[in-house]
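The structure appears right after this line, and notes come after that.
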Amino acid sequence: MPLDGSAGGNPGPPVEVRRSPRRRKTVSAFWEGSTAVVAIPARFSRAEEEHWVERMVARLQQDTARRGRPATDEALMGRAGELSRQYLGGRASPVSIRWVTNQRRRWGSCTPSQRTIRISHELQRMPEWVVDYVIVHELAHLLVSGHGPAFWRLVAAYPRLAEAKAFLAGVAFAGSHHGPGQPDEDGDDWGLTDDEERA
């Protein structure tokens, strides 16, 4: 159920409420593009819904601001431009880069022929420098396909490469989520792919 995101005259992001009969007690919130999605149990009353939507959207905004991550697709595009200039000489220019919720096996994916990049919304709760690594990784695929030496020479310009890879591997190993970061068929256990078209 989409909402306008305004409460008490204060502008806010668009909000979508998703009721789930399988959800019993927990409430969660995440960004889907520029929309704040709040998932609640189907049994919640309207009053409970209003309470939790207000609370979770505020928490989502505070957490995003605290971590300094790009929360919207527009912010993600801006960040990609900054990272391309800083680490790839400005040569990687995607047509679009956006948050998605349907990537269950990858942190990020890229379709070089269309110059489009998708980033898993799971990363929105992770440190900014980890998100930056995934963006740089996918930007590099706009310049070099595959994960050969030429590709890793490009990505190596990112100073926290090893740290970010270790962080994501740790998240996957700990099983703190059920999706991105699991090994793909080709053994890419970082949950990153070079070309969605052949995935």
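On the stretch given as the range 138-185, residues that are open to solvent by 40 Å² or more (accessible area, probe 1.4 Å), in contact with a helix residue (DSSP H, G or I) (Cβ under 7 Å, 6 or more places away or on another chain) and either of a type in the set (Ser, Thr, Tyr) or modelled with pLDDT of 90 or more (or both) total 4.
Here Leu83 does not qualify as in contact with a Pro (Cβ under 6 Å, 6 or more places away or on another chain), at negative phi and either at pLDDT 80 or above or of a type outside the set (Ser, Thr, Tyr) (or both).
Here Thr116 does not fit the description of being at pLDDT below 85 and either crowded, with 19+ Cβ neighbours inside 10 Å or polar (S, T, N, Q) (or both). Only one of the numbered conditions (1) open to solvent by 10 Å² or more (accessible area, probe 1.4 Å); (2) more than 22 Å from Gln61 (Cα to Cα); (3) in contact with a Ser or Thr (Cβ under 9 Å, 6 or more places away or on another chain); (4) in a helix (DSSP H, G or I) is not met by Ser93, and that is (4). Just one residue in the set Ala58, Ala75, Ala42 is small (Gly, Ala, Ser), modelled with pLDDT under 90 and over 19 Å from Val130 (Cβ atoms); that residue is Ala58. Residue pairs whose Cβ atoms lie under 8 Å apart, sitting 6 or more positions apart in sequence or on different chains, and linking a residue in the range 160-172 that is aromatic (Phe, Trp, Tyr) to a partner that is open to solvent by less than 40 Å² (accessible area, probe 1.4 Å) and assigned to a helix (DSSP H, G or I), are Phe167/Val130.
The values are calculated or read from the model by the stated rules, or taken from the named source; none is laboratory data. From a predicted model like this one, the values you see are computed outputs, not experimental measurements. Quick reminder, even Gly has a Cβ in these numbers, built from the backbone with ideal geometry, and neighbours come from all protein chains shown. In case anyone asks, the SASA skips ligands and DNA or RNA and just uses the protein heavy atoms, side chains included. Shrake-Rupley method; radii C 1.70, N 1.55, O 1.52, S 1.80 Å.
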